[in-house]
Amino acid sequence: MSSSSVYNNRQGFCVPFAPILKKLPTDVEAIVQRTLVMSKKLDIAKLKAKTAEGVDAQREELIELSRRIHQNPELGFQEVKASGWLTEYLQGNHFQVEKGICQLATAFRGSFGSGKPVIALLAEYDALPEIGHACGHNIIATAAVGAAVALKSAIDEAGGSVVVIGTPAEELYGGKAIMAERGAFVDIDAALIVHPSIVDMASIQALACIGLEVEFRGKAAHAAAFPQEGINALEAMIQAFNGVNALRQHVRERARIHGIITKGGEAPNIVPAYTAGSFLVRAEDDVYLDELKRKVLNCFQAASLATGAHLDYKWTEYYAPLKTNRILAEIFTENMESLGRNVAPLFERALGSSDVGNVSALVPTIHPMIAIAPPDVLPHSPEFATAAAAEEGNRGLLDGAKALAMTVVDLIAQPEIMARIKEEFFAAK
Ligand SMILES: [Zn+2]
Ligand SMILES: [Zn+2]
């Protein structure tokens, strides 16, 4: 674990992050000083209009970049082409680019400006197995770079910095969780991402989540001739499933526990000597997640005791619950509405988990959604993949880039807003 981490990823425990907490008073004070110097001079509306024009000026290039990523889907940590094209685009627009950050070959950081605040736009660009860009990450990535490039003149005028952080493998491995542990967000003041969806929304809710890999080892025997000699690892797994099913009746409403058997035995006439399974445990906060972890593990240990099959287990990827910064979400909503979009109120129901949650534990964050398809088109479906490169998808990409860029203008040009955002963040710690 790096010194910059707030998480012990293996255990999923939140621990205090002293360096950031200590920064608060001087940060806010410096921000207030900047406000006094800057706020008289800047015409925010003009800066935003210029920034939005900066997105339109890139229209053809952004749509082409989005189309290219869409037509070349790459799985998590294999996004060589996408990260190459995105960094090329940033370099071509005079961004300072570092590739392979956090010891991840397809992660990157492209920055413009050198002052505070430093605002991160998160880019995802991984695809799904079989159905390609059915989550529309081609739009996330292109909106992030488009917004960043459009912000150059506002940064020249108002100061501050914009950083595109290329975060691989959202779908399968949680690249941001690894990057958060390895210090990718230490100098960042706020993080934003825009994700294609079927609604316009300023931020989503996401549950804390942790993976559990389990294995039972029993003893093979002829299932009919010598069953009394065998130890049935599959029965252990089935008992564990039944235990989890019984537990599920008595968990809180927003908790989720679900899993699959990845190895169930060799043949019906052999007592299964080995089974393996993969589970996810989700809860609305880390405290309840820890309670559920203990209870779920009890189900597996009880099954081991009952059957005599030996249990091995490993807790794997941990996603922190997504903490939406409300002030940041309000500002994003205003900017999205100025583009003629109807923004839905913040959703109280969590729809899953995201590695953006791990970023939100470190810095003020929002995870907005932008509509690119009608409500009956489900994300992670082939129809959604089609929408992600169709006209509606391109409109979402351009509006998403504009809403991101205009929100960054608010943050760099109105330091009092940045101060309020930070105050909310630290108050919620
Ligand atoms: Zn997805
Ligand atoms: Zn996605």
* Asked: If a residue has to be away from ligand 2 (no atom under 15 Å from the Cβ) and among the small types (Gly, Ala, Ser) to count, how many in the range 351-382 make the cut?
  -> 2
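Among what's in the range 116-143 and is away from ligand 1 (no atom under 16 Å from the Cβ) and among the hydrophobic types (A, V, I, L, M, F, W, C), pick the residue that is surrounded by the fewest Cβ atoms within 10 Å (Cβ to Cβ). Steps first, answer last, please.
First, pick out the residues of the range 116-143 that are away from ligand 1 (no atom under 16 Å from the Cβ): 116-121, 142.
Next cut, among the hydrophobic types (A, V, I, L, M, F, W, C) only: 118-121.
On the way: VAL118: 21, ILE119: 29, ALA120: 28, LEU121: 28.
Among those residues, the one meeting the criterion is VAL118.
Can we say ALA127 is assigned by TED's automatic domain parsing to the domain that holds ALA373 and either in contact with a Ser or Thr (Cβ under 8 Å, 6 or more places away or on another chain) or within 14 Å of ligand 2 (Cβ to nearest atom) (or both)?
Working: assigned by TED's automatic domain parsing to the domain that holds ALA373: yes; either in contact with a Ser or Thr (Cβ under 8 Å, 6 or more places away or on another chain) or within 14 Å of ligand 2 (Cβ to nearest atom) (or both): yes.
Answer is yes for this residue.
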* Among (1) under 30 Å from ALA52 (Cβ atoms); (2) under 13 Å from the mean Cα position of the chain (by Cα) - the single one VAL343 does not satisfy -> (2)
* Structure fact -> Wholly inside the range 129-212, strands (runs of 3 or more DSSP E) that include 2 or more residues that are under 20 Å from ALA361 (Cβ atoms) are 161-166, 190-192
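Confirm whether LEU104 is within 24 Å of LEU172 (Cα to Cα), more than 16 Å from ligand 2 (Cβ to nearest atom) and either outside the structural domain of VAL377 (by TED's automatic domain parsing) or in contact with a helix residue (DSSP H, G or I) (Cβ under 6 Å, 6 or more places away or on another chain) (or both).
Working: within 24 Å of LEU172 (Cα to Cα): yes; more than 16 Å from ligand 2 (Cβ to nearest atom): yes; either outside the structural domain of VAL377 (by TED's automatic domain parsing) or in contact with a helix residue (DSSP H, G or I) (Cβ under 6 Å, 6 or more places away or on another chain) (or both): no.
The answer is no for LEU104.
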* To do: State the number of residues belonging to the range 200-231 that are within 18 Å of the chain's Cα centre (by Cα) and among the aliphatic types (A, V, I, L, M).
  => 7
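Quick one: which residue in ALA276, ALA302 is in contact (Cβ under 8 Å) with a residue 60 or more places away in the chain, assigned to a helix (DSSP H, G or I) and either surrounded by fewer than 21 Cβ atoms within 10 Å (Cβ to Cβ) or in contact with a Leu (Cβ under 7 Å, 6 or more places away or on another chain) (or both)?
Details: ALA276 fails: assigned to a helix (DSSP H, G or I).
Exactly one residue qualifies, and that residue is ALA302.
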* To do: Might you let me know whether the range 364-385 holds any residue that is closer than 21 Å to ALA57 by Cα, surrounded by fewer than 24 Cβ atoms within 10 Å (Cβ to Cβ) and more than 21 Å from the chain's Cα centre (by Cα)?
  => no
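Would you check which residues across the range 244-268 are among the hydrophobic types (A, V, I, L, M, F, W, C) and surrounded by 12 or more Cβ atoms within 10 Å (Cβ to Cβ) and list them? Lay out the reasoning, then the answer.
Applying the first criterion (among the hydrophobic types (A, V, I, L, M, F, W, C)) to the range 244-268 yields 244, 246-247, 251, 255, 257, 260-261, 267.
If the condition is that a residue be among the hydrophobic types (A, V, I, L, M, F, W, C) and surrounded by 12 or more Cβ atoms within 10 Å (Cβ to Cβ), then VAL244, LEU247, VAL251, ALA255, ILE257, ILE261 are the ones that fit.
Conditions (1) out of contact with any strand residue (DSSP E or B) (no Cβ under 7 Å at 6 or more places or on another chain); (2) under 17 Å from LEU121 (Cβ atoms), marked per residue:
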position: VAL164; (1), (2): no, yes
position: GLU171; (1), (2): no, no
position: GLY175; (1), (2): yes, yes
position: ILE193; (1), (2): no, yes
position: PRO196; (1), (2): no, yes
position: ILE210; (1), (2): no, no
position: GLU213; (1), (2): no, no
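A quick yes/no check of all residues on (1) over 21 Å from the mean Cα position of the chain (by Cα); (2) of a type in the set (D, E, K, R):
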{"residue": "GLU61", "(1), (2)": "yes, yes"}
{"residue": "GLU64", "(1), (2)": "yes, yes"}
{"residue": "GLU74", "(1), (2)": "no, yes"}
{"residue": "GLN91", "(1), (2)": "yes, no"}
{"residue": "PHE108", "(1), (2)": "no, no"}
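The values are calculated or read from the model by the stated rules, or taken from the named source; none is laboratory data. No experiment lies behind these values; they were computed from the predicted model shown. Cβ: placed from backbone, ideal geometry, glycine included. Neighbour counts: every protein chain shown.
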